[in-house]
Each structure stands twice: as C-alpha cells, then as structure tokens.
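What follows is calculated from the coordinates using simple rules that are stated; it is not laboratory data. In this text, all values refer to a predicted model and were calculated from it rather than measured experimentally. So basically every Cβ, Gly included, is an ideal-geometry build from the backbone, and we count neighbours across all protein chains shown.
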Amino acid sequence: MKKAFALLLAAVMVLCLFAGCTNDAKPADDAKGSVYWLNFKPELDETLQDLAKTYTDKTGVSVKVVTAASGTYSQTLTSEMDKSSAPTLFVIGNQAGVKQWKDYALDLKGTAIEKELNTDAYNLYDESGKLVSIGYCYECYGIIANPTLIEQAGHTMDEIKNFAGLKAVAEDIHARAAELGFDAFSSSDMDSSSSWRFTGHMANLEYFYEERDAGGWTECPATLNGKYMENFKNLYDLCINNSLTAPTDLATGGHDAENEFKTGKAAFFVNGSWEYAAVSEAVPNATMIPYYCGVEGEEKAGLNCGTENCWAVNAKASEADQKATIDFMVWLVTDPDASAKMVNQLGIMPYKSAVTSTNGFLNDAAKYTSNGCYVMDWATNYQPNVNEYRAALVSALNAYNADQSDANWEAVKTAFVEGWATQYNNANR
C-alpha cells in the first residue's frame, strides 16, 4: 500500500514538473493584477460598467467598478478601505481628503498616467510635495437655462447679465406660471440627492468672493467673515421662491429637478456640466449662466470651474494591482472610444490624447473666459469636515425654508460662518 502511494506521489510530482507547478505559482489573472474603482459619481456608473467590461474583454484584466450612493462616498471609502480587497482606484478630491487619505495614496509623480496630463491645474499635493491625486475631468457649474422658454415668456437671454436681470425674468415667469405652463426654477430639494447643489455648489459664490478679496487661498482658512452671505441669500431666495415646488416642501425631497427642466416645466435648473448629455437631448439649445447674486461688477462673472474628481491609486495595493490600475487609467484617457465616452459624460479631460469635448456647457465656460470674464474657481473644495459642515447647513436651510424669518436666516449664517470655524478646529485638533 505504501509502495503504491509512493508511486502515485512520484507520478503527480512528474506531472507537476511538466505542467510548471510550483508552490508559489499564481493564476494568470493574479499575475496581471486587477482593478477596483470606487466611483464617486453615480451618474457615471453605467458608462464605467460598460468601459470596465470592454477593458476586461480586451486585456483579460479584471476591472470592478463600485459606485457609492450619492452623498455617501466618504463613509463608503472608509468602509471599503478596511477590507482585504480594498479599492485600487479611488477619489481624493480636495485638501481635506488629502489630509485624511494621503498615506493611502501612491505618489503619482513620474507614473505613466501623470505623463499623459496636459496641465497641472487640477492636481492635489500633500505638504511634502507628493502628488496625491490627479484630476480626471474638468467641470463647471452654474444655472442651466432654456432660452426657448425664456423667449416664450417674452424675454431674451440678453436681459440676464446680472442679478437684477435674472431676478426680473425669474419673478415675471413665476408670477405668470399658470398662464405660461411652466415656472422659473426647478425644485431645490434638500435631501442628499440634491442638497449638494446649494450647500456645496451655490455656497461657492460666498467662498469665491471672500477668497478673491484675500488674494487667493492656498490652504483652508480657519475662519470666514461672511461678507457675501447676503449675495448667497439673494440667489437662494430667488431659486426657492420662484419655483415649481414650495419652499416648505423641499426638506424631504422626492422632486426630479432634472426631469422638470427636460420636460419644459421650468426655465432654470441649478446644476453642472455633467448634466449636458441628459439635458441637451431634450433641450438642444440649453445654455449655462453664472451665479448672478448682486456682487458689484458681476457682469464680468464667468462660470464656476474646477474639479473634485481626482484619481488616487492605493499605495497599499500590490505592485501588480497598482500597475494594472495605472494601465487602465492610461487606457481611459488615450483610447479614442474610451476617452470619448468619458468626455461625453464628464466634459473636458485634462489629458493630451483625450478626445475634444462636445459639452455645450463647458463651451459656455470657455466663451465667458474668452470674453474676459473671471472664472469662479472651486473654493468650496476647502470646506472643512465637508460632510458634517454641509449637514449643518442643510438643517439650517430646512428651518429657513419652512419659515423665512430673520431669526432663521441668522441661523443659516451661523451654520455657514461659525460652522466653518468649528469644523476647521475639529479637523485640525
């Protein structure tokens, strides 16, 4: 019996030698490495799933894309990074993120993907100079407008060159909504799927003008002075009080602002360039205008331009997975078909070989700039402890929406200004 077993074992060993068996042999897929992208943008999910499949079919490299639900990216990233199969590709989109995740980020200086960039404008570094993350798209946001509806109301886009013009047009449309069959603004919901448009994006107008007064920010300021809170109030009030949805009904959400705009129920929609593909199908001549809010000289304002979409590669992933991830990134920005799909969804990609954008809203941003208008950069990226800070703003704005009293507006200002100092201190203890 022992002799038979010995002969069997010897035969197995011979077969292993001919088959190339060794104790440390890895399956082919492991040797190639794999990619796990934790995606930041829910609206990009369908495109990324398609691209992941295409890349795997072409190369045999496994690419998994997981998309965090809107407003939950930070929590999802924290949870996923604790797992043995953590993301190899993730987003670090602002300086607060750099501070929190820099130890998990591979230095991208000198990598193949860094060499494909055509600008350094959207890169994020830590205090040591490590290239923590790189922008993968350039975006803009402002107020999307339907010129056809505005003309049907007896106005033209030429009337809207500042807040006074925007206010006159919006209030007239709202006053005649029943007659016209459409209202001025689509809904301004305060649930997690929509509140970022106001607590993140529209808030930028206050930050930007403070930043400009200070000669620019290079790091998160410890405090705000709130000088432009009345300007924020001007535009916010205009949106919520001249809309399809009453302010008192905004807290719980449930209104589809995009669809309201696409179906011609509203002339204005507060959002960004990532909406172009969806919106332009229904409103081909849709255009984007700045956050007019009553600041002196705003006739020369442009759109809010920048990005929070910055790729980071997991420094704790295996070398094989890091290489696979960077190779995938390079493919996304150099392959004509892949980059076209990315650009059509995201707008301009700051890479030498990416296809040219056909995004009309980004073209609007470029036109404002070429006409000598100033760009409103994304000072909102400096928000300290962003989730906690914005949650306090949502709470205060909901109270104000329910009762637009002076006292409730003071509470909004407190959350906006004093809340910044509080969260800055919490983040820098």
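Worth pointing out:
- Taking the DSSP beta bridges with both ends in the chain, the antiparallel portion is around 65 percent.
- Peptide ranges 391-397, 120-126 listed from the most packed, as the mean C-beta count within 10 angstrom indicates: 391-397, 120-126
- Here each label is just a point 7 Å from Cα along the line to Cβ, and for Ser192 and Asp172 those points are 4.2 nm apart.
- Between Asn425 and Thr334, the simple label model (points 7 Å from Cα in the Cβ direction) yields a spacing of 5.1 nm.
- Around the amide H of Ala315, modelled in the peptide plane, lie the amide H atoms of Ala105, Leu106, all under 5 Å away and 5 or more residues distant in sequence or on another chain.
- Lysines with Cα under 17 Å of Lys233, excluding same-chain neighbours fewer than 8 positions away: Lys167, Lys413
- For the chain, a crude dipole built from +1 on the beta carbon of Lys and Arg and -1 on the beta carbon of Asp and Glu, taken about the Cα centre, is about 1760 debye to the nearest 20.
- For the chain, the spread of Cα coordinates along the three principal axes comes to 98, 48, 42 Å, biggest extent given first.
- Taking every C-alpha pair closer than 8 Å and separated by at least 6 residues, the mean separation divided by the residue count of region 67-173 gives a relative contact order of 16 percent.
- Region 84-146-region 183-254 distance, computed between alpha-carbon centres (Å): 25 Å
- Charge dipole (debye, nearest 20) of region 284-429; +1 at Cβ of Lys and Arg, -1 at Cβ of Asp and Glu: 340 debye
- The share of alpha-carbon pairs in region 101-253 lying farther apart than 25 Å comes to 50%.
- Cα gyration tensor shape for region 270-379, rounded if a/c is under 1.5, else prolate or oblate: prolate
- Spacing of the two label points (7 Å from each Cα toward its C-beta) at Asn259 and Lys99, in nm: 4.0 nm
- Helix 204-213 vs. the chain, principal-axis angle (Cα, 0 to 90°, nearest 10): 80 degrees
- Counting all C-alpha pairs of region 59-116, share separated by more than 17 Å (%): 50 percent
- For region 30-174: span of alpha carbons on each principal axis (Å, largest first): 65, 39, 31
- On Cα atoms only, tilt of 319-334 relative to the major axis of the chain in degrees: 50 degrees
- Surface/4 estimate of mean projected area, convex hull on alpha-carbon atoms of region 93-170, nm²: 8.3 nm²
- Range in the chain, longest, excluding exposed GluC sites (Glu not before Pro) [loop by DSSP; at most 11 other beta-carbon atoms within 10 Å]: 297-429
- Rounded to the nearest 20 debye, dipole of region 184-288 from Cβ charges on Lys, Arg, Asp, Glu: 180 debye
- Average Cα contact separation per residue, region 223-302, under 8 Å, 6 or more apart, as relative contact order %: 31 percent
- Segment Ala402-Thr156, extension gain: residue separation times 0.36 nm, minus the distance between their alpha carbons: 85.3 nm
- Backbone N within region 357-386 under 20 Å of label point (7 Å from Ala222 Cα along the Cβ vector): 382-386
- Between 0 and 90 degrees, the angle of helix 163-175 with respect to the longest Cα principal axis of the chain falls at about 80 degrees.
- Here r is the Cβ-Cβ distance between Thr414 and Ser70 and R0 is 35 Å; the resulting FRET efficiency, rounded to 0.05, is 0.85.
- As a length-normalised measure over Cα pairs under 8 Å and 6 or more apart, the relative contact order of the chain settles at 24 percent.
- Ordering Pro384, Ile240, Gly264 by Cα displacement along the dipole of the chain toward the positive end leaves Pro384 in first place; charges were set at the Cβ atoms of Lys, Arg (+1) and Asp, Glu (-1).
- Taking amide H positions as modeled 1.01 Å from N, with prolines and chain starts lacking one, the residues under 5 Å from Gly294 and 5 or more places away or on another chain are Phe163.
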